[in-house]
Each structure stands twice: as structure tokens, then as C-alpha cells.
1. Which ³J(HN,Hα) values, rounded to whole Hz and listed in residue order, are derived for segment 115-132 from phi using the Karplus coefficients 6.51, -1.76 and 1.60 in 6.51 cos²θ - 1.76 cosθ + 1.60 with θ = phi - 60°, glycine and proline given as x?
2. Going by amide H atoms built from the backbone, whose H comes under 5 Å of the H on Val139, apart from near neighbours?
3. Cβ under 13 Å from Lys78's Cβ, Lys78 left aside: what net charge do those residues give with Lys, Arg +1 and Asp, Glu -1?
4. What is segment 110-181's relative contact order, in percent, from Cα pairs under 8 angstrom and six or more apart in sequence?
5. Ranking Arg152, Arg304 by Cβ neighbours within 10 Å, fewest first, what do you get?
6. Once both axes come from the Cα atoms, what is the angle between helix 296-317 and the longest principal axis of the chain, in degrees from 0 to 90, rounded to 10?
7. Using the alpha-carbon atoms, what tilt in degrees (0 to 90, nearest 10) does helix 60-80 show relative to the longest principal axis of the chain?
8. How large is ³J(HN,Hα), in whole Hz, for each residue of segment 327-342 in order, when computed from phi with the Karplus curve 6.51 cos²θ - 1.76 cosθ + 1.60 and θ = phi - 60°, using x for Gly and Pro?
Amino acid sequence: MDINKIRKDFPMLNNNKTMQGHPFSYFDNAATTLKPKCVIDKICEYYEFYSVNSHRGDYDLAQRVDDEILKARDNVCKLINADEKEVIFTSGATMGLNQIAQGLKRFLSKDDEILITDAEHASNVLPWFRIASEIGCKVNYIPLENGRITIRNIEKVISSKTKIVSIAHVTNVLGYVNDIKEIAKFVHGYNAYFVCDGAQSVPHFKVDVKDLDVDFLVFSGHKMCGPTGIGVMYGKYELLKEIDSLLLGGGMNTEFDLCGNFGYLKTPFKFEAGTQNIAGIIGLGKAIEYLNEIGMDNIEKYERELKEYAVTKLLNEVPEVIIYNKDSEAGIIDFNYEGVHAQDMGTLLGSYGICVRTGEHCAKLLHNEIGTNSTVRASLYFYNTKEEIDRFVEVCKKGRDFLDVFFA
Ligand SMILES: Cc1ncc(COP(=O)(O)O)c(C=O)c1O
């Protein structure tokens, strides 16, 4: 991987000095990623040269839009090893999870159970509680073992009542990579549906839905160099045929009558009601091409090295730092500086041009596991460098005289 070449692809990494004149270091990639010029250009190209609607026209430009959407869907299919009819464009992981929950509702009855963990993002908690309250069934938690899901712990809570298990492939605060293949196999042994939240995995390493044998997978384009407002819901064809679409409207029906009776189009269109986020779809397609050029295996390897480098350096040089996930695989470092509030630490880093996120990171239940409500999260991507980490560690050291820094 030629990191200098890669960094040139990102306008934000080239133009950006912060207001205080410090170099810009972006360590908030679990929230959203920067966009390479080729993705920005591709989106602009749509708006400048063929910004017409899809599915609806017989003229050449309309055909071009349909071709571009087809290509983007094909890129997604190849990325996750899915078939075309199994890949649905959504507005993001959140919408995908809401759609899946509402869709699976028909298979639930009172007294059934849904299993999640307390490390899930809000998007993989609240939709399940909503359907549970609608049906009168329960949401239960798989206890974690040092931040990880183990079969032994699933065994403690799974039963014949369990109808759905929904977990993150990679947790967004601690960055543990769950063994989805093993877990999906185990869950299927109980005839339960297995939903995988891939928001923090698909951008960072190869994910193969057939190999993992997940029933559903969701992810967001903006966390993988694509635009905001676009994501993907993968579902096994047989299941997609069974469940209802959350959204109804144009583009998803074969016909409807004056009483509102309607027929569904085949998947994926059944789930894509209304005018789609065309620029988003095309931008995501380009982002996937860009990631493929770099290579998902290279991205994974580089990020793991970078995370290890950062953890080792922090532990060796800043003893006041408490790291909550030293041993997790993903490029996420979740920490606090002894005696300094996470938000203050975030402000300190920000004042040196280093962007991190602080707080609960939308995983409000996780404090059960780590015993604190607020942490600093530095999340890396393949365009970050060891030099940036060196500077980050130097600024972390300033936590020692934090009060001096701000009140001098
Ligand atoms: C693990 C996980 N799931 C779901 C989401 C929701 O993604 P979005 O806000 O793009 O819908 C996020 C976002 O941070 C996430 O990290």
C-alpha cells in the first residue's frame, strides 16, 4: 500500500490545516470516513451530466442512470458475494435494521425472544424493542466475555423461544470482531434468524455473506468512503420474498387499486419505494471500486498494524491512559486519561487538529461492561499514518497538564 499516494486521493487530507494551524488528523472514522476525489467527482458527474430519474424514462440519459445503478449494485454484490436480487439500497445501516425488524415481525409471537448484546449501536437495539412491544415478546441480552460474544454465553440465554439474534460483526466502541460464521451456525441450530450489523466490518475487511451464512447484513456507505444517506441491506432471497417492505409507494408495486390493494415488484425493487438516492448509489459504487483498488486484505492488515502501533505507544509513553480494548482487532482505540473527562480530552486533541469522538458512541448500554459512561474513541482508517499516531500520543501526554493548557 502506497500511503503517500493514497493520502493524495483525499482532498480533506491535502487542503486541511485546522484553524489553529495544526495539521489535520482524522481519527473519527467509525463515525464517518473522508471521501476520495474519485467518489466526489463521480457524484458531481451525475449532477452535472445525467441527473435524471431512474426506472422512469425511455430516453438515453435515463438509460445511463439505470446502467450506473446496475453497476453500483453489481459492485456491492461482488463485494459481499451476494446475488443482485438480494442487495437492497437503503439510506444506511439504521434504515436496514429498522426494515429487517419490521419485516421479521410477522414471524414473532407473544413470549418469543430476540437476542442482542449490550455493546450494540442504538440502531441495533431500539428497532427490536419497538417490535417486541408491538408483539408482546422480549428482548434479552447475550452476556459478553471480556467484550466478546462466545458460544458458551449464547448457550446461557438461547432457547426454543429465541426467534431472532441480531449482533454487530464489529462493535463500534470496543472494536471486537465477532466470529459471525460460528455464531450464525449455532443460532441456526435453534431455527432462529441471524441478523448481522456490518456497519463497522464491511468497510474494513472482506465480508462474504454466503460463507458467513447470515440471513441479513446491513452497512452504510459513508463509513466506507462513500456518501452519506446511502447504505445496503442484504437478505437471503427466500426471506426477502416472505417479509413486507417498510416503505410503500412508487417503484415497488406491480399495480394497485382504488381500495389500496397492491402487488409487490420482485426484490430488490420491492424494498426500494420512492425516488432513490441516485447520487448516493452511484457514489457508493465508485467507493467500492476505490476500496477494491487498494485491496480489502491490505486495508485490514494495515489497520491492524496501525492499531497495534498506537496501543503499544500509548501504553509505553502515557501511563495515565486507560485503554478499554487493548486486545480488540479493529482499528478502534477506546480510552480515557486518568482524572480528565473524556470530553475535555477530546477538546484538547481537537485543539491540536486531531479529530476523535467522545461520549457513549450511541452504545449507551456498554457502560455495564466497561464501568464508565464516557470514553474517547480514536478510530483509524487506511489513510491514517504512524506519524499521525506519534503526534496523537504527544498531545495525549499533555493531558498531564491539562488545566495548565486551558487556563494558562
Ligand atoms: C455498529 C453500528 N451499527 C449501526 C450504525 C448506524 O449507522 P448509520 O448511522 O450510518 O445508519 C453505526 C454507526 O455508527 C454503527 O457503528
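1. Computed from phi, the couplings for segment 115-132 are 10, 9, 10, 7, 9, 6, 5, 3, 5, 10, 10, 5, x, 6, 5, 5, 5, 4 Hz.
2. Amide H to amide H, under 5 Å and 5 or more residues apart or across chains, Val139 pairs with Ile114.
3. -2
4. So the answer I get is 40 percent.
5. Sorted ascending by nearby Cβ count, the order is Arg152, Arg304.
6. 30
7. Its long axis makes an angle of about 60 degrees.
8. Karplus values, whole Hz, x for Gly and Pro: 9, 7, 7, 6, x, 10, 10, 10, 8, 9, 9, 3, x, 10, 5, 3.
We did not get these values from a lab; they are worked out from the coordinates using the rules stated. Since the model is a prediction, treat every value here as computed from it, not as a measurement. Cβ: placed from backbone, ideal geometry, glycine included. Neighbour counts: every protein chain shown.
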